[in-house]
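Structure first, then comments.
None of the figures in this text is laboratory data; all of them are computed from the coordinates on show. Because the structure is predicted, anything quoted here is derived from the model rather than measured. FYI the Cβ positions are ideal-geometry reconstructions off the backbone, even for glycines, and counts take in every protein chain you see.
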Amino acid sequence: MLNAEVEEYLESLNKSNEKRTVVLYGLAAHVCIKLTCFDLIRKGYKVYIVVDAVTSMNHSDRNVALEAMRVAGANLTTFQSLVFELLRTLDHPCFREMLKIIKDKPDDPLDLHYFPSLYGEQVNDELNEN
């Protein structure tokens, strides 16, 4: 769901920089995030979805959207994993500041048991029983 303004901005970035990686997060995972993800993948971008930073009004919509994006080629990650991937090393100048943010972040229980590809059907059934 890339609009003309966003496409123009991406084009300007591409002229000055060959990096083609996008991190997506936000509301309406099953509509806005998913359609944007599909557009970016079609345009050759590497897309990361921050699973603990996307939502929908109901968990089923969110989980089905996450699985569809994964199947389409998006990389599913978490906020903490993304931060450490970006920092790469303890020596990064922002490491201590980011560590404070991560430590202050409350646990966010995720309803991820839709994903048969991540857990297998038997595990999904066991999770749904609990």
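Got a sec? How would Tyr45, Tyr25, Tyr9 order by Cβ neighbour count within 10 Å, fewest to most?
Fewest-to-most ranking of Tyr45, Tyr25, Tyr9: Tyr9, Tyr25, Tyr45.
Students often forget the sequence filter, so: which lysines lie under 22 Å Cα-Cα from Lys34 once same-chain residues fewer than 8 apart are removed?
Result set, ordered by chain and number: Lys19, Lys43, Lys46.
Let me check I've understood the local charge: for Ile33, count other residues with C-beta under 14 angstrom from its C-beta, Lys and Arg +1, Asp and Glu -1. What total comes out?
Counting the neighbours of Ile33, the net charge comes to -1.
For Ser12, Ser56, Ser81, what's the fewest-to-most ordering of other Cβ within 10 Å of each Cβ?
Ser12, Ser81, Ser56
Ala68 to Glu5: extension gain in nm, 0.36 nm per residue of separation minus the Cα-Cα distance?
The Ala68-Glu5 span can extend by a further 20.1 nm.
If each residue's Cβ is checked for other Cβ atoms within 10 Å, how do Ile101, Ile41, Ile49, Ile33 rank with the fewest at the top?
Final ranking by Cβ density, sparse to dense: Ile101, Ile41, Ile49, Ile33.
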